[in-house]
Amino acid sequence: MNKKIFSGVQPTGNLHLGNYLGAIKNFVQLQSDKKNQCIYCVVDLHSITVKQDPRTLKQNTRETTAAFLASGLDPEKSIIFNQSAVSSHAEGAWILGCVSRMGWLSRMTQFKEKAGKDKEKASVGLYVYPVLMAADILLYDATHVPVGEDQKQHLELCRDIAQKFNNDFNSRNFLKVPEPLIQKEFARIMSLKNGLNKMSKSDPSDFSRINLTDDKDLIINKIKKAKTDTLPMPGKKDNLEKRPEVLNLLGIYSSLSNQNLDEVKSNFEGKNFSSFKENLSELLIDKILPIGKKIKDLLKDEKHLDNILKKGAEKADNLATKKINEMKKLVGF
Ligand code: AMP
Ligand code: TRP
């Protein structure tokens, strides 16, 4: 089956190894299959659900675009654009918002986490955020949506919204019910400081993550300081459930080297941690440093980046406008 792929990343700056291994690397792999039609969106409408500085937002949109390109996404093969440039996303979100039920949205765990204790002060946008995400996906008849594990619930909601719209407007199969594509192994890269927390740009400690733009010395230093434990390097048969930090470092190694975990465990069995860490740093320097360099180079030419987004938006707009027009007709507009 030919797949239609859609995914989005928020332009919040400071993209890290978790974003790369959990999302972008997968985007590039999907692009390499010529049968797939891939659409990758910098979701700037989503990012304003929490307060943003307008100038920083614009720069972050460019930075995320640069990270896409530096990682291997190709605007000749995939559609790359920013969400606010295609007005159908906002229109679609309104229509789908009227189909969605309060009860469905109130079950979303990400809202509960992001809103924290004082829900009254969260923006309305943050609450309806998953409806906009559903519009993103459904406007393009996406069949598959590569996301991290944390977005699974939003994908299920998207499926419910699509089905309810089709039912309400007697339009079977009009909105295509998408499948999530979630990596089986290491879908969550954890913090270098605490193997139970996700690697995240909002962690106050920069040593908890490898940023895509970190330089060589910083990478070496961060891996040297990464938390481990006092036990020796595990062997192939050792269970790592109780050693989350060690599992995470081995997982990063496995993901970056495209080897499975057992192979990595066997390779380092009996060695000491410092030599494993040296190897891991070398691998990171080999794979991540060139991406960081390219991001920095691309950011020097803002016009070039803006132009790629503009061309991508034109292609996306063509597809989305057709769908939103049909949607409006069904609704009675
Ligand atoms: P965000 O920056 O939170 O918008 O995430 C962008 C993409 O990266 C989403 O698909 C996330 O699921 C993924 N992602 C973010 N942090 C991690 C992590 N620590 N491990 C794996 N994937 C992640
Ligand atoms: N909500 C996603 C995140 O925070 C980003 C996103 C927005 C998205 N729209 C999407 C992902 C559509 C996949 C498909 O990571």
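The values are calculated or read from the model by the stated rules, or taken from the named source; none is laboratory data. The structure presented is a predicted model; accordingly, all values stated were derived computationally and were not measured. Note that we place each Cβ from the backbone using ideal geometry, even for glycine, and neighbour counts take in every protein chain shown. Heavy atoms of the whole protein, side chains included, go into the accessibility calculation; ligands, DNA and RNA do not. Shrake-Rupley method; radii C 1.70, N 1.55, O 1.52, S 1.80 Å.
Given 299, 319, 284, which one is touching a Lys or Arg at 6+ places or on another chain (Cβ under 8 Å) and either in the same structural domain as residue 38 (by TED's automatic domain parsing) or surrounded by 17 or more Cβ atoms within 10 Å (Cβ to Cβ) (or both)?
The conditions single out 299.
Does residue 65 satisfy the criteria of being open to solvent by 20 Å² or more (accessible area, probe 1.4 Å) and at pLDDT 95 or above?
no
Considering only residues that are without any contact (Cβ under 8 Å) to a residue 40 or more places away in the chain and crowded, with 16+ Cβ neighbours inside 10 Å, which ones fall in the range 152-174?
If the condition is that a residue be without any contact (Cβ under 8 Å) to a residue 40 or more places away in the chain and crowded, with 16+ Cβ neighbours inside 10 Å, then 155, 158, 159, 162, 166 are the ones that fit.
Confirm whether residue 249 is part of a helix (DSSP H, G or I) and of a type in the set (A, V, I, L, M).
In short, yes.
Okay, residues lined up against (1) over 24 Å from residue 113 (Cβ atoms); (2) away from ligand 1 (no atom under 14 Å from the Cβ); (3) not assigned by TED's automatic domain parsing to the domain that holds residue 28:
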{"site": "139", "(1), (2), (3)": "yes, yes, no"}
{"site": "176", "(1), (2), (3)": "yes, yes, no"}
{"site": "194", "(1), (2), (3)": "no, no, yes"}
{"site": "198", "(1), (2), (3)": "no, no, yes"}
{"site": "210", "(1), (2), (3)": "no, no, yes"}
{"site": "219", "(1), (2), (3)": "yes, yes, yes"}
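For every residue, the table says whether it meets (1) free of Cβ contacts under 8 Å to residues at least 40 places away in the same chain; (2) more than 20 Å from the chain's Cα centre (by Cα).
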| site | (1), (2) |
| --- | --- |
| 94 | yes, yes |
| 100 | no, yes |
| 103 | yes, yes |
| 106 | yes, yes |
| 116 | yes, yes |
| 126 | no, no |
| 130 | yes, no |
| 136 | no, no |
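Take residue 141 and decide whether it is under 20 Å from residue 329 (Cα atoms) and not in a helix (DSSP H, G or I).
yes
Based on what the data block shows, is residue 7 touching a Ser or Thr at 6+ places or on another chain (Cβ under 8 Å), open to solvent by less than 50 Å² (accessible area, probe 1.4 Å) and within 11 Å of ligand 1 (Cβ to nearest atom)?
So residue 7 fails the test.
Would you check which residues across the range 141-151 are open to solvent by 10 Å² or more (accessible area, probe 1.4 Å) and within 12 Å of ligand 2 (Cβ to nearest atom) and list them?
144, 147, 148, 149, 150, 151 - these are the residues of the range 141-151 that are open to solvent by 10 Å² or more (accessible area, probe 1.4 Å) and within 12 Å of ligand 2 (Cβ to nearest atom).
When the residues of the range 11-23 are narrowed to those that are surrounded by fewer than 22 Cβ atoms within 10 Å (Cβ to Cβ) and among the polar types (S, T, N, Q), which ends up farthest from ligand 2 (Cβ to nearest atom)?
The extreme case among them is 14.
Would you point out the residue of the range 24-48, among those that are open to solvent by 20 Å² or more (accessible area, probe 1.4 Å) and within 12 Å of ligand 2 (Cβ to nearest atom), that is farthest from residue 83 (Cα to Cα)?
Within the range 24-48, the match that is farthest from residue 83 (Cα to Cα) is 26.
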